[in-house]
Amino acid sequence: MKSKAAIAFEVGAPLQIEMIDVDPPQRGEVLIELKATGLCHSDMHAIEGHWNFNSGFPGLMGHEGAGVVLEVGPGVTRVKPGDHVVPFIPECGDCACCRSDRTNNCEASFVDAGLTSRFSYNGRRIHPFLGLGLFSQYSVVRDFTLVPVRKDAPFDRLFYFGCGATTGLSSALFKADIQPGSSVIVFGLGGIGLNVVQGARLAGAAMIIGVDINPSREEMARRMGATDFVNPRSVDGDLVGHLNERTGGGADFTFEAIGNVNLMRQAFDTAHFAYGTCTIIGIAPDADLLALSPTGLITGRRLQGAAMGGARGMVHIPQLVDLMMDGKLDIDSLVTAHLPVEEINAGYDIQKRGEGIRSYVTF
């Protein structure tokens, strides 16, 4: 079938809107129609070549979306035509990772799904980013990447749970497991960091400090639950010392949600030296290295990463969607722009300028 899509033909080039061919789903695969697809910074990393994603270019980016199942291939039992779904990281249920309660990774995440791409343009195969390729009206994905969700949840909010909302909320609620009365520092108040703030509020944190160089983020951070806001450019002297003084020696939980190794080091250094937990969410360029003093770990600090917030899609995404539908999560305020897919490059320009929080496209 034909599908309108935004294709990355080469590193750093603007996305091009073209009609592509989408093959029918094969065994274990599902054809979905995307109703909304978010513009996440991770896609930009791949477009600009900062993140080496599987098979390379031409690439079909897009990994944050929501849609409807149209057709299933042989052997598919997890979803059926008509289901509303959120694509997420693989969860095959059978590998050693899936059988462990210590990770949300799946061994299928590390298999290049682009080798069996169902997308092509003028006879040339297109490689789907993270095995999804959601910058297309129609996409064929592996069945174990789909999470069925309630049908009364609106697509123009539901898409956000495919990455940004789930990653931020789950990092706070599940991966870090913030305890009531805790102190929290969040570095970077974008589409993920603001959801970390919101998750910390739901967890009952007593002090939530949002850190960002964009002063316009303060109002939104406080709306999400931040008790304090710090603009590093307004701090006299050392930012780490300033934050450690405000938290009485370091925070119980700190988060880096940008993907900058310098901020990661600051997040680590502002976690309490004896029992603080620093969670790294942001994705830095592949070539960047994080330098830490081993002593900072020996004294008791913990450093951890949070792929997609540590969320298990089949369990946690329906729970988070329920929280939104019950009015306990504010997703409306964070979705700030809706664009036709023809304006997707303008949407990324908005993101680069630090305007708005989360944009999405429709086809």
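By the Cα gyration tensor, region 228-269 has an equivalent ellipsoid whose semi-axes, rounded to whole angstrom, run 16, 13, 9 from largest to smallest. Computed on region 1-148, the Cα convex hull volume stands at 105 Å³ per residue. Springs join every pair of Cα atoms under 10 Å in this Gaussian network model of the chain, and among LEU173, LEU323, LEU194 the largest mean-square fluctuation is at LEU323.
What whole number of Å gives the distance from the Cα centroid of region 304-336 to the Cα centroid of region 243-290? For region 243-290 versus region 304-336, the Cα centre distance is 22 Å. For region 179-185, the Karplus equation 6.51 cos²θ - 1.76 cosθ + 1.60, evaluated at θ = phi - 60°, returns couplings of 9, x, x, 6, 9, 9, 10 Hz by residue, with Gly and Pro reported as x. The Kirkwood hydrodynamic radius of region 1-87, based on inverse pair distances between different Cα atoms, is 14.3 Å.
At 1.4 Å probe size, with the rest of the protein present, what percent of the exposed accessible area of the chain is carbon and sulfur atoms? With neighbouring chains kept in place, the figure for the chain is 50 percent. Comparing CYS92, CYS40, CYS278 in a Gaussian network model of the chain (Cα springs below 10 Å), the most mobile by mean-square fluctuation is CYS92.
Heavy-atom accessible surface of the chain, averaged per residue, reaches 40 Å², computed with a 1.4 Å probe. Summarising the overall dimensions of region 208-363 from its C-alpha atoms, the Rg and Dmax are 17.7, 53 angstrom. Across region 78-139, Cα-Cα pairs farther apart than 15 Å form 61% of the total.
The HN-Hα couplings worked out from phi for region 15-21 by the Karplus form 6.51 cos²θ - 1.76 cosθ + 1.60 (θ = phi - 60°) are 5, 10, 8, 9, 8, 10, 9 Hz, whole numbers, x standing for Gly and Pro.
Pairs of Cα atoms in region 85-210 fall into 10 Å distance bins, from 0 up to the last occupied one, in shares of 12, 32, 33, 19, 5, 1 percent. Across q = 0.23, 0.29, 0.30 Å⁻¹, region 163-204 modelled as identical point scatterers on its alpha-carbon atoms has Debye log10 I(q)/I(0) values of -0.63, -0.96, -1.02, in the order of the q list. In the chain, the C-alpha radius of gyration followed by the widest Cα-Cα span (Dmax) gives 20.1, 63 angstrom.
Pair-distance distribution P(r) for region 140-183, from all Cα-Cα distances in 10 Å bins starting at 0: 21, 40, 28, 9, 1 percent. Would you list which lysines come within 20 Å of LYS352, measuring only between C-alpha atoms, while excluding same-chain residues fewer than 8 positions from it? Of all the lysines, none pass the test against LYS352 - Cα under 20 Å, at least 8 places apart if same chain. For region 313-358, the share of alpha carbon pairs falling in successive 5 Å distance bins from zero is 5, 19, 18, 16, 13, 19, 9, 0 percent.
The values are calculated or read from the model by the stated rules, or taken from the named source; none is laboratory data. The shown structure was predicted, so the numbers you read here are calculated from the model rather than taken from an experiment. Quick note on the areas: whole protein, heavy atoms, side chains included, nothing else; ligands and nucleic acids left out. Shrake-Rupley method; radii C 1.70, N 1.55, O 1.52, S 1.80 Å.
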